[in-house]
Amino acid sequence: MSPSHPITIHLARIGKSTRSFTEGFMQDDGTRLITFTVVPPDVRASLSAHFRAEGRFALDQFVATVTKHLFYNEYFSIVEFRDEVGEVLGYYCDLVTPLARVGDDYFQTDLLLDLWVSPEGNYQVLDEDEFEAAVIAGLLSDELRGRAVGALERLKDMIADGRFPCL
């Protein structure tokens, strides 16, 4: 199955400019939005190199497709990376506000914490320093801080219980 049409997702970033992404619409069941993107060759090389530099991919692994699962009632989204033959390379979980739709556009706010999950279920929490700096600077409310930490703990519990990626 291939995307039916392009959509735009706007990601507000605390203390930074909003980023907008055009992605292929796959499904919206009212619980989550699923998008699918075939990564262009020029982006494929740089994106894969980035993940290799962080120790997340082996030298011979390249991202070919990206599937995003963005939830309307969760404080996280899950980005699934696959290679040319469809093997999962890993999952990048963004701690974000629940997805909101306005017309044909979708909106979330990045809550700064992230979680990388390998296909084997090993994980690493990312950007804790950036998160704590935003909390100290008062850029993140106590409520959003609690939501982000709670969602991170839920994801870690799901991994431990074998319920991840919950897709």
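Each row is one residue, and each column tells you yes or no for (1) more than 25 Å from N122 (Cβ to Cβ); (2) touching a strand residue (DSSP E or B) at 6+ places or on another chain (Cβ under 9 Å).
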{"site": "K16", "(1), (2)": "yes, yes"}
{"site": "F21", "(1), (2)": "yes, yes"}
{"site": "G24", "(1), (2)": "yes, yes"}
{"site": "Q27", "(1), (2)": "yes, yes"}
{"site": "R32", "(1), (2)": "no, yes"}
{"site": "F36", "(1), (2)": "yes, yes"}
{"site": "P41", "(1), (2)": "yes, no"}
{"site": "F51", "(1), (2)": "no, yes"}
{"site": "R56", "(1), (2)": "no, yes"}
Of residues in the range 132-149 being small (G, A, S) and more than 11 Å from L113 (Cβ to Cβ), the one modelled with the highest pLDDT: G146
Wholly within the range 99-167, strands (runs of 3 or more DSSP E) carrying at least 2 residues that are of a type in the set (F, W, Y): 105-117
Those strands (runs of 3 or more DSSP E) lying entirely in the range 1-93 with at least 3 residues buried (at least 17 other Cβ atoms within 10 Å of the Cβ) and of a type outside the set (V, I, T): 19-28, 32-38, 65-71, 76-82
Residue in the range 82-98 that is farther than 23 Å from R19 by Cβ, at pLDDT 95 or above and of a type in the set (A, V, I, L, M, F, W, C) present: yes
Within the range 148-167, considering residues that are of a type in the set (A, V, I, L, M) and surrounded by fewer than 19 Cβ atoms within 10 Å (Cβ to Cβ), the one farthest from Y72 (Cα to Cα): A160
Every pair of residues 6+ apart whose Cβ atoms lie under 6 Å, when the first sits in the range 98-115 and is among the charged types (D, E, K, R) while the second is part of a strand (DSSP E or B): D105/T8; D110/L11; D110/R13; D110/V96; D114/D94; D114/L126
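The values are calculated or read from the model by the stated rules, or taken from the named source; none is laboratory data. Values in this document were obtained by computation on a predicted structure and should not be read as measured data. FYI the Cβ positions are ideal-geometry reconstructions off the backbone, even for glycines, and counts take in every protein chain you see.
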